Each structure stands twice: as structure tokens, then as C-alpha cells.
Amino acid sequence: MSNLKEILINKKICKSVWFMRQAGRYLPEFRKIRSQNQNFINLCLNSELSSKITLQPIERFNLDSAIIFSDILMVPYALNQKVEFLKNHGPKLEIFNLDKFLKNNDLDFIKKLKPVYKAIEITRKKLSKNKSLISFIGAPWTLLVYMIGAKQNKDQIDLKIINEKNNEIDLILEKLINYLCLHIENQIKAGADVVQIFDSWAGLIPQKDLNSFCYVPNSKIVKFCKKKGIPVICFPKGIKENYKVFNNLVKPDGLNIDYNVNPNWARENLKGTVIQGGLDPKILLLPDEEIYNSARNYLDAFKGLPYVFNLGHGMLPETNPDKVDRLIKFYREY
């Protein structure tokens with residue numbers, strides 16, 4: 001059995017492989033489309049092209065799951081905050097306005113994201129029935145960091161901005177949770193069967209704030225998913241040994257570990273969940289034998305447990321697709 005939904009629901013021990021950012025920058029077929037579509041938001045809103053990009057790695061590698069080509073920042077876009085993706089800089093969001101944010105409503109939010117749902121519908125029709133279609137969201141904290149301009153670089157956020165907006169933070173997070181649950185529900189209705197929550201900046205939360213900024217918001221969304229019967233994977237990247245606390249409190253169906261989490265530690269400490277991922281994407285830039293040795297560490301650590309082979313972060317743009325192909329073959333033979 002390789003269907004991700006079945007693994008997450010039934011905790012079955014079986015083979016399954018997919019990669020975060022598998023549809024994207026490292027594939028020549030994606031780069032060709034991207035070169036002809038400079039506006040990234042518009043590309044995400046092009047249902048036909050979004051579906052085509054989603055299916056590219058499935059057609060090339062026959063992976064077990066597809067993840068819809070979109071972006072976590074489509075949610076701020078749908079909440080009427082201007083989002084731009086600048087070359088060699090990344091995303092840039094307009095200055096956050098609380099009044100403008102609070103004026104949003106469910107109907108307009110759904111309407112702005114309809115092309116995403118349409119892309120899921122198209123993809124589900126084209127995707128083999130035995131393959132899962134993964135939808136995703138950014139976690140409330142991670143979206144908040146982008147939306148209020150608190151991100152300084154990959155390793156730092158401006159805590160001063162967080163502290164200055166302390167009275168607003170809880171309100172913003174609560175509203176985001178509601179919209180994110182709405183987005184999940186509409187993605188599932190469109191044909192996705194699993195959702196992954198990316199909390200990319202969870203590792204930058206001060207220890208004292210982990211409960212209010214990470215555990216509680218993720219838990220509310222996971223409870224919503226479980227109530228609706230939607231299998232959910234969480235990825236609180238960078239929280240180190242707090243993965244154990246997260247797992248015990250949030251109780252997701254699946255938990256993606258990052259590459260700083262020791263797989264043997266994860267085996268002993270992360271109980272009652274399907275563990276996913278862990279392999280450092282940089283490993284894929286090394287000679288094949290080193291790639292296989294690293295993959296063995298994860299496959300051996302989780303032998304006899306439900307485990308989904310994946311990365312500890314997204315695929316790097318400089319990755320050679322041929323190495324990905326050989327890794328998948330190695331994994332399936334191993």
C-alpha cells in the first residue's frame with residue numbers, strides 16, 4: 001500500500017515516497033513554464049498550468065503522492081494583502097493593515113482562491129486513483145511572520161515587531177485559523193485527500209511562546225481536520241526536542257521531521273504518529289553513495305514503523321533530477 005491517506009489513517013507499515021517542493025525549481029520542464037510566466041501569483045492562479053506543474057514529478061518519477069502547486073502566501077493574497085515574489089529576494093508583502101485585514105469575509109476569500117481549487121479538481125481527475133493528492137497551508141504563526149513583516153532573514157525574526165503588536169497578535173492568529181480551516185475544507189472538497197501544515201518559522205519562536213504561537217494554533221487546525229475526517233501532517237520546522245511536546249499536545253496523524261532531528265531520537269520519542277521525512281535536501285547534491293548512505297539511516301531507523309520517505313525541507317533548485325530518480329529507485333529496492 002502506498003496511498004498516503006491510508007497510511008495516515010490506518011498507521012499501516014508500507015512504502016510511500018514523495019518530496020516537499022517536488023513540483024518546481026529543479027525540474028527543467030517547470031523552468032520552461034516559469035520562464036514564460038514571470039508573475040508567480042498569477043502562475044499559482046492559472047488552474048491548468050498549476051495542475052500541469054503538479055503532475056510533472058509524478059510523470060517523471062512515478063512518486064506515490066502529488067502536492068498541489070501553490071504557495072502558503074496565497075492566503076495573505078486572498079485576504080487582500082499585496083504579495084510579490086522578487087527575483088533573488090523572495091516574497092514581499094505590503095505593510096500590514098489590521099482594519100483592512102478585519103474587513104475580509106469568507107465569500108470573498110473563497111472566490112479569490114477558486115483557481116487553486118479548480119487546479120485540484122483538474123489534477124484529481126488526471127491523477128491515478130491509488131495516488132494521494134496533498135493540499136497544504138502555512139501555519140498561523142508562519143503566515144503572521146510574513147504578513148506583519150517580522151521576518152529579517154532565514155534565521156531571525158524581529159521580535160520587537162511581535163512585541164509591539166502584542167495586543168493584536170491573538171486576534172490575527174484567531175482570524176487566520178478560521179480562514180485556514182476554510183481553505184483546507186475547500187481544498188478537500190475539490191479533490192485533495194491529505195493536508196500538510198507548514199510551520200516553517202516555528203524554530204524562531206522563543207521557548208516561552210511556543211505554546212501560544214505554535215502548539216495551540218496548530219492544535220486547533222488539527223482538531224478541525226480530525227473532526228472533518230481529513231488526514232493531517234504537521235511540519236513545525238526547527239523546534240528540535242520540542243517535536244516531542246508538539247506531538248503529544250497537537251496529535252497530528254503525521255509529523256514531518258526536519259534534518260536536524262536525529263531519526264533514532266524520533267523513533268524513540270515520537271509515538272502514535274506516522275513519521276515523515278528528515279533527509280537533508282543538501283544531501284542530494286552529493287555523490288550517489290553518500291545519498292544512499294544517508295537514506296539508509298532513515299530507512300533503518302524507522303524499519304517496522306509507518307514511515308513516509310521524504311525530505312527535512314523542500315527540494316533545492318540546484319538538485320539534479322537524475323539523482324532524485326536514482327534515490328527513488330534505491331529506496332524502492334531497499
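The values are calculated or read from the model by the stated rules, or taken from the named source; none is laboratory data. Computed from a prediction, not measured in an experiment: that's the story for all the values here. We place every Cβ from the backbone using ideal geometry, glycine too, and count neighbours over all the protein chains shown.
The numbered conditions (1) among the acidic types (Asp, Glu); (2) surrounded by fewer than 19 Cβ atoms within 10 Å (Cβ to Cβ); (3) over 22 Å from residue 79 (Cβ atoms) are all true for residue 185 except (3).
Of everything in region 11-40 that is aliphatic (A, V, I, L, M) and under 17 Å from the mean Cα position of the chain (by Cα), the residue that is surrounded by the most Cβ atoms within 10 Å (Cβ to Cβ) is 23. The set of residues in region 201-226 that are under 19 Å from residue 152 (Cβ atoms) and either of a type in the set (Val, Ile, Thr) or in contact with a Gly (Cβ under 9 Å, 6 or more places away or on another chain) (or both) comprises 201, 202, 203, 204, 205. Note on region 253-299: among residues that are free of Cβ contacts under 8 Å to residues at least 12 places away in the same chain and charged (D, E, K, R), the one that is farthest from residue 226 (Cα to Cα) is 289.
Pull up region 47-78, narrow it to residues that are of a type in the set (S, T, N, Q) and farther than 12 Å from residue 115 by Cβ, then point me to the one that is surrounded by the fewest Cβ atoms within 10 Å (Cβ to Cβ). So, considering only residues that are of a type in the set (S, T, N, Q) and farther than 12 Å from residue 115 by Cβ, the one surrounded by the fewest Cβ atoms within 10 Å (Cβ to Cβ) is 62. Do the conditions hold for residue 61, that is, is it farther than 21 Å from residue 184 by Cα, of a type outside the set (Lys, Arg) and in contact with a strand residue (DSSP E or B) (Cβ under 7 Å, 6 or more places away or on another chain)? It is false that residue 61 is farther than 21 Å from residue 184 by Cα, of a type outside the set (Lys, Arg) and in contact with a strand residue (DSSP E or B) (Cβ under 7 Å, 6 or more places away or on another chain). Exactly one residue out of 8, 43 is without any contact (Cβ under 8 Å) to a residue 60 or more places away in the chain, crowded, with 19+ Cβ neighbours inside 10 Å and not small (Gly, Ala, Ser), and it is 43.
Determine if region 248-255 includes at least one residue that is over 26 Å from residue 69 (Cα atoms), of a type outside the set (Val, Ile, Thr) and out of contact with any helix residue (DSSP H, G or I) (no Cβ under 8 Å at 6 or more places or on another chain). Checked against the condition, which is being over 26 Å from residue 69 (Cα atoms), of a type outside the set (Val, Ile, Thr) and out of contact with any helix residue (DSSP H, G or I) (no Cβ under 8 Å at 6 or more places or on another chain), region 248-255 yields at least one hit.
Under the condition of being assigned to a loop (DSSP other than H, G, I, E, B) and surrounded by fewer than 19 Cβ atoms within 10 Å (Cβ to Cβ), which residue from region 189-226 is farthest from the chain's Cα centre (by Cα)? Reasoning before the result, please.
From region 189-226, those assigned to a loop (DSSP other than H, G, I, E, B) are 191-193, 199-201, 205-206; that's our starting set.
With surrounded by fewer than 19 Cβ atoms within 10 Å (Cβ to Cβ) added as a condition, the list becomes 191, 206.
Working: 191: 17, 206: 22 Å.
Step by step, filter region 189-226, then rank; the result is 206.
Is there a residue being over 25 Å from residue 188 (Cβ atoms), crowded, with 16+ Cβ neighbours inside 10 Å, of a type outside the set (Phe, Trp, Tyr) and in contact (Cβ under 8 Å) with a residue 40 or more places away in the chain anywhere in region 300-312? Taking every residue of region 300-312 in turn, at least one turns out to be over 25 Å from residue 188 (Cβ atoms), crowded, with 16+ Cβ neighbours inside 10 Å, of a type outside the set (Phe, Trp, Tyr) and in contact (Cβ under 8 Å) with a residue 40 or more places away in the chain.
For region 129-140, a residue qualifies if it is over 19 Å from residue 198 (Cβ atoms) and either assigned to a helix (DSSP H, G or I) or modelled with pLDDT under 95 (or both), and the qualifying residues are 129, 130. May I ask you to list the residues in region 149-191 that are acidic (Asp, Glu) and under 19 Å from residue 204 (Cα atoms)? Correct list: 155, 158, 164, 170.
Filtering region 229-272 to residues that are surrounded by 16 or more Cβ atoms within 10 Å (Cβ to Cβ), over 17 Å from the mean Cα position of the chain (by Cα) and within 15 Å of residue 308 (Cα to Cα) leaves 263, 266, 267, 270.
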